[in-house]
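The values are calculated or read from the model by the stated rules, or taken from the named source; none is laboratory data. All of these numbers come straight from a predicted model, not from anything done at the bench. Note that we place each Cβ from the backbone using ideal geometry, even for glycine, and neighbour counts take in every protein chain shown. All accessible areas refer to the heavy atoms of the entire protein, side chains included, with ligands and DNA or RNA removed. Shrake-Rupley method; radii C 1.70, N 1.55, O 1.52, S 1.80 Å.
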Amino acid sequence: MVFKRVLGSLGVGGPVVDTVLDREPVRPGGVVRGQVRLRGGGRACDIEHLALELVARVAAGHGGEERAGGVVFDRLRLSGGFRLDTREHRDVPFTLHIPWETPLTELSGQPLGVVLGIRIELASAGAKDHGDPEELIVHPLPAQEAVLGALGRLGFGLIAADLRLGHSTGTGQTLPFHQEIELTPAPRYLHAMNEIALTLLTGPDGMEVVLEADKRGRPFSGASSPGKRLPGGPAALSRHTVSHEGLERRDWTAEVDSWIQALIAARTAHTLRAGAITSGVTAGTAAGAAGGMVAAGLGDALGNLEGLGGLDGSDDLAGLKDSKDLRDSGHEEADQG
């Protein structure tokens, strides 16, 4: 066992610690168990407090930049006010409850590129320091699997699953960030949208589902080729509530498909209203607006993380295709049309 030195500020002879996690799968709202192992150094040390922190690497804004050092989204104080003697070995067991809104890091064994960790905070002699985070792997709850599986069966493809600072409007979100799962549309919907952003916020009683088509203010992720990209227009958003109970009694494919159709109808209505307003603008202004729209569509496709979409072979999410395969099939269908 190699121990991670935490209190480097104490110099040579300071304590070393290590976190040992139970590697059983964890889901939002579940618990992580483990031990913090403390080993005294060459001299005795008074420990003021020992705590665990849940940290996430979160994108700040729409440019893809990340919050330096990560975001702490939960904290558990383990103990404090004890003396760690020279060469003493002390193990501190813990049970850490994972927040219900904790983002997913894997789908059917496929990593999503989301980085979560559990790190130690140890304070002594007025100094506070942190250890290196231990990776936390989070799998979806059955309600999340139901929605994602239905989208896969409908033919939607996974692009990425980013964490974004800020609040998802109109939801009961409590964490300082939320997860957005970006999807390419199923081939039958390529005429109506470029991509969908999906947010799944779970709680003890159920889950809030937020769907947004062609989210305003975000770079296009490359769901289709530039030549067939839809013009940027007003985003459309819908929200739905799902209970944790009775999941097996619902036709999820039909239900989620009805959500998508309603979303498309809302987007179409927004676009028609926007077109009516634009038609009343002077010719010069209208020309300028059109030029801006074309320029906005000329950026490079971003975020097409094809390796994240290989979910074939899983039981619940087998239909969630690789974004490249979906893009190719969609183009073929469009060409034939």
Just a yes or no: is a residue in segment 109-121 over 18 Å from Val209 (Cβ atoms) and free of Cβ contacts under 8 Å to residues at least 12 places away in the same chain?
no
For the condition closer than 14 Å to Glu212 by Cα and in contact with a Phe, Trp or Tyr (Cβ under 8 Å, 6 or more places away or on another chain), what is the one hit in Glu195, Glu182?
Glu195
Among (1) open to solvent by 40 Å² or more (accessible area, probe 1.4 Å); (2) under 22 Å from the mean Cα position of the chain (by Cα); (3) at pLDDT 85 or above, Arg23 falls short only on (3)
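For Pro99, state whether it is under 20 Å from Pro204 (Cα atoms) and touching a residue at least 12 places away in the same chain (Cβ under 8 Å). If you could, list the steps in order and put the result at the bottom.
Working: under 20 Å from Pro204 (Cα atoms): yes; touching a residue at least 12 places away in the same chain (Cβ under 8 Å): yes.
Spelling it out, Pro99 is indeed under 20 Å from Pro204 (Cα atoms) and touching a residue at least 12 places away in the same chain (Cβ under 8 Å).
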Whether any residue in segment 81-96 is of a type outside the set (A, V, I, L, M), in contact (Cβ under 8 Å) with a residue 12 or more places away in the chain, at positive phi and part of a strand (DSSP E or B) is what I want to check.
yes
Look at segment 102-119 and say how many of its residues are under 30 Å from Cys45 (Cα atoms) and open to solvent by 10 Å² or more (accessible area, probe 1.4 Å).
1
